[in-house]
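Peer 1: I am attaching a structure below and will ask some questions about it afterwards.
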Amino acid sequence: MYNRRKFIKITAAGASLAALTRSAVAKSIVPVDDTKYPIVISTWDFGVPANKEAWTILGKGGRALDAVEAGVKIPEADMNNHTVGRAGYPDRDGHVSLDACIMDENGNCGSVAAIEYIAHPISVARAVMEKTPHVMLVGEGATQFAVEQGFKKEKLLTPESEKAWKEWLKTAQYSPVVNIENQQHVPGSKYNHDTIGMLAIDAKGNISGACTTSGMAFKMRGRVGDSPIIGAGLYVDNEVGGATSTGVGEEVIRNVGSFLVVELMRQGLSPEDACKEAVNRIIKKKPETAKKIQVGFLAINKKGEYGAYAIQSGFSFAVCNTQQQDLIVKGKSAM
Ligand code: ASP
């Protein structure tokens, strides 16, 4: 599946190849490691199958934008994933409302927030980017636009999600659980949140990103988190790199998290150090809140170097490149 391409570079300046002896040629051959491109990374363990899908495009030399859209559609369609897409848990009134955004190498971006009845918000976000003069559509207007564009309107609330919501209504306590993605199938783990944020660099070196979520389970009707907000849940600058986030979106919005991470990388910080600084700002402003919540950032720079950092331990991300398809990395954390 992978094309591990090695290019041969002759560095013996001015020397004619024909004039070199066999051993001299051997010494002058410098393998150029281009294994950093293409690459796709994404948040949480559920990023592994999403990355694999993205790779079906990236591995053939396809565009990063196409790859990230296709990749995040995997968790969006997963009926066992209650934090992203069609099987996402509803808000406290029983409505499944989804958030997503996408950004390409030219700084184009599109977003939908609080969209209902549409299983693939990421593709609607892309349509907003490509077919409207706007960046963001919300609520009924977003759904209306999606239907006009030919997206299927369907009931998203699954029997399992409805059961979880009715169970939640018994106490109606809103308390997000840290790192819930690893507990989705654990009975009693009802208060879910988590997002897939994906960043890819294609063979041409162009960067794109996508971010999609059902947000905080049992959120207030109309609540929108960081995930569909360009600069908060996702940001890409083709000269520098890209960043995305997961966790309690309110804190990410307050710090314009993903934009901050990209700007810190522009100033020379590594992806991990940039994510760490963004996390530390959240902690510094609200140390008590930070103890109880999770926020994680994931970033990649133009060189294909990647890194992550989270408030709490347990944040993982998935990496897929020419060397490995299903690497899961445990991100470092402040606590
Ligand atoms: N960031 C998402 C939101 O606040 C949820 C998450 O990633 O955990 O909607």
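The values are calculated or read from the model by the stated rules, or taken from the named source; none is laboratory data. Please read these numbers as outputs of a predicted model, since none were measured by experiment. In this analysis, Cβ positions are derived from the backbone assuming ideal geometry, glycine residues included, and neighbour counts consider all displayed protein chains. With ligands, DNA and RNA removed, areas are computed over all heavy atoms of the protein, side chains included. Shrake-Rupley method; radii C 1.70, N 1.55, O 1.52, S 1.80 Å.
Peer 1: With every protein chain left in place and a probe of 1.4 Å, what is the accessible surface of CYS320, to the nearest 10 Å²?
Peer 2: The accessible area of CYS320 comes to roughly 0 Å².
Peer 1: Pulled fully out, how much extra length does the chain show between ARG266 and GLN144, if you take 0.36 nm times their separation in residues and subtract their Cα-Cα distance?
Peer 2: That pair, ARG266 and GLN144, stretches by 40.1 nm at full extension.
Peer 1: With a/c under 1.5 counting as rounded, go ahead and sort the stretch 61-122 into rounded, prolate or oblate using the C-alpha gyration tensor (a ≥ b ≥ c being the square roots of the eigenvalues; past the cut-off, prolate if a/b is larger than b/c, else oblate).
Peer 2: It comes out oblate by the Cα gyration axes.
Peer 1: Here's a follow-up. Can you tell me the FRET efficiency between LEU327 and ASN80 if r is taken as the Cβ-Cβ distance and R0 is 25 Å, rounded to the nearest 0.05?
Peer 2: Step by step, r from the Cβ atoms, then E = 0.70.
Peer 1: Ranked highest first by average number of other Cβ atoms within 10 Å, how do 235-241, 289-295, 132-138, 40-46 line up?
Peer 2: Result, highest mean first: 40-46, 235-241, 289-295, 132-138.
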